[in-house]
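Peer 1: Please find one structure pasted underneath; my questions will follow.
Every read-out reported here was derived from the displayed coordinates using simple, explicitly stated rules and does not represent laboratory data. For clarity, every value in this text was computed on a predicted model and none was experimentally measured. Reconstructed Cβ throughout: ideal geometry from the backbone, glycine too, with neighbour counts over all protein chains shown.
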Amino acid sequence: MPMTMLVPTARALVGAAVLLAAGAPGGLVAQGRYESIAWTPDGNALTVAWRGDSAAGDLYVLPLGERAVRRLTADPARDAFASWAPDGSAVAFASSRTGGGDVYVAARDGSNPRRLTHSDSAESWPSWSPDGKHIAFMSKQTGRWQIWVMAADGSAQRRVTQSTRNDFNPRWSPDGRWLVFESDRDGGNQDEIYVIAADGTGERRLTHSAGNDIYPDWSPLGDRIAYCAVESGRAFIWTMSPDGSDARLLVEDACMPTWSPRGDRLAYQTAERGRPAALRIARPDGSAIADVSGPFERDGASTTRPRLHKPNVAILIYDGVQIIDHAAPWEVFGQYALNNVFTVAKDTTPVTTYMGMRILPSYGFANHPKPDVIVIPGGNTGGARRDAETIAWIRSNAAGSRYVLGICSGVMLLAEAALLEGRRATTFYNLLDDLQKRNGAITVVEDTLVVEDGKFTTATGTGGMQGALRVLAHLHGSAWARVVALNMEFEPLPQEQRTPRAFLADMNLPSSVYAHFPWREAELVRYEGDTSRWSMIWRFAGGEIAAVAERLRGGLTAEGWSNISSTRVERRWRSAWRLRGRDEGAWTADVTLTGLPNAGQELAIEVRRAGR
């Protein structure tokens, strides 16, 4: 791909689809797929928008020094351009999940996304103010992209720039008084860097180059603005003083500079001709510190894919623990090897459950992996509640984990650790009054099996599986949670509740297909249906369509499917099939394999009872 396509002007992107058009990042996605970069507030990780092999994409958190990433958002739509609240409690981002482009805010783990913008036009590229009270963003409400500001809750939206051209990609000054942005307002085919006061006054132009100056980012120290200059088909990272003077070249063949929270490092993406983009970190003078692309594995000559972190799920066990309370969540989290599940006790000597079963813990308190999820099961909790070491372990690991699941009387251990104050929670029916009396700051919910409040999920005595499925959906997406629930014949979604598991139409999906694409690394986009129809969609990286299609054809034929028709048009293979269902009835199926941008593919299979 020519370099002029690799880093196009922002205007060229604005002419495309809404979210793709939201600034220059889309061009750099072509080979490397990194669409935006943002530091987490603690400076220990990068939040990367990885577009994958289609117009969709998700946000990933890449902890520095680790070899895997964790998915922050999991939606079939396109999520990009993350900006963190200064205290790290929430993240704002742009998403096409409503069909257009809007700004959303979610909890720090990506859960509970909430839409902030609701105009009929497109909004994108949020930027949280240093005091956490406002979010700047770009909006096309006037027909051109302009800079706007709103309160952090989405209220009090107001327009800042008044240009008749396009203004993009706002970033705050560290004192919260100014916004730096890029604009094509002076005509021609180029963007330049501007600043404007947050109240819309004092606008001035900072750069006057012959090329495109894009991706401005203001150092938290206040003394420099980094930006990307694109000239003669190459990209360069420069910094300058806030008045536009003292421009210094830092890095060649690179773009998308992003300052660390302390201003002592710059993260950026390489833009070298013919090579996949890499994520790197440099000092403010441009000298390299590290390449942090490791978690994004090479997949062919010019593409990458994330090496997903396998979440660690730690299940606390203790003498008197209830069997179902610790075993049921293990069953949920352990399905399909999606997670690394283990038990933890004070030490590794055998634990005796409430009904006499003896269990050998996987780890003791002193040597277990750092958990992403901790599960606190119920049982005879008296000894655990009185044990200071156990309560301290719960308190410490709840603070560092992404999710906490308390089940049955295990919720009382969370209350003992003072983790539920100011939160909604439920527990075993016979302990609801005790929970309320124990701490009046807890809002006790009696009429539901599962209660979610931030990263804390609490469940009744029979709600452990439901609670685990809720957490699983946050970790891997609702489609995977549905697959797991159906596989266990447990708590199907409402339209499936009155149907025995064996009667659902997914029983007629072909089992051979999993041998022909990397389903363990693929994204499951859809898995839904009823007794007469079922639809499944996967997206995955790599492979030639013709080769994958031929393997699929052979596998389906071997399963007894009869091919009715097959067509190949450019990057799409479609085929229609007849098959005999498990009910011995006649069924039909459509199998579509679509080539996506950057060498990825989407596999869609739908089976239907004949005549439907």
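Peer 1: Give me the number: length gained by fully extending residue 565 to residue 388, i.e. 0.36 nm times residue separation minus the C-alpha to C-alpha distance, one decimal in nm.
Peer 2: Values: separation 177, 0.36 × 177 = 63.72 nm, distance 6.81 nm.
Result: 56.9 nm gained on full extension.
Peer 1: For residue 586 and residue 98 in the same chain, what is the full-extension length gain: residue separation times 0.36 nm, less their Cα-Cα distance, in nm? Please report the intermediate quantities before stating the final value.
Peer 2: Numbers: separation 488, 0.36 × 488 = 175.68 nm, distance 3.73 nm.
So the chain would gain 172.0 nm between residue 586 and residue 98.
Peer 1: Would you list which lysines come within 22 Å of residue 437, measuring only between C-alpha atoms, while excluding same-chain residues fewer than 8 positions from it?
Peer 2: Straight-line reach from residue 437, under 22 Å: no lysines qualify.
Peer 1: Another question about this same structure. If a/c stays under 1.5 just call it rounded; otherwise compare a/b with b/c (prolate if a/b is bigger, oblate if not). Do that for the chain, with a ≥ b ≥ c from the square roots of the Cα gyration tensor eigenvalues.
Peer 2: Values: a/c = 2.01, a/b = 1.28, b/c = 1.57.
In terms of gyration-tensor shape, oblate.
Peer 1: No partner Cβ under 4.7 angstrom, meaning no disulfide-compatible partner by this rule: which Cys of the chain qualify?
Peer 2: 408
Peer 1: Something else: Exceeding 23 Å between C-alpha atoms, which entries from my cross-link table qualify? They are 140/455; 310/455; 310/370; 133/370. Don't jump to the answer; show the numbers that get you there.
Peer 2: Numbers: 140/455 35 Å; 310/455 18 Å; 310/370 12 Å; 133/370 33 Å.
Correct reply: 140/455; 133/370.
Peer 1: Another question, then. Once you put a point 7 Å from the Cα of residue 531 and another 7 Å from the Cα of residue 209, both along the Cβ direction, what distance in nm separates them?
Peer 2: Reported label-point gap for residue 531 and residue 209 is 6.5 nm.
Peer 1: Can you give the FRET efficiency to the nearest 0.05 for residue 507 and residue 360, using r as the Cβ-Cβ distance and R₀ = 35 Å? Display every interim value, and only then the final one.
Peer 2: Details: r = 37 Å, r/R0 = 1.05.
In this case the efficiency is close to 0.40.
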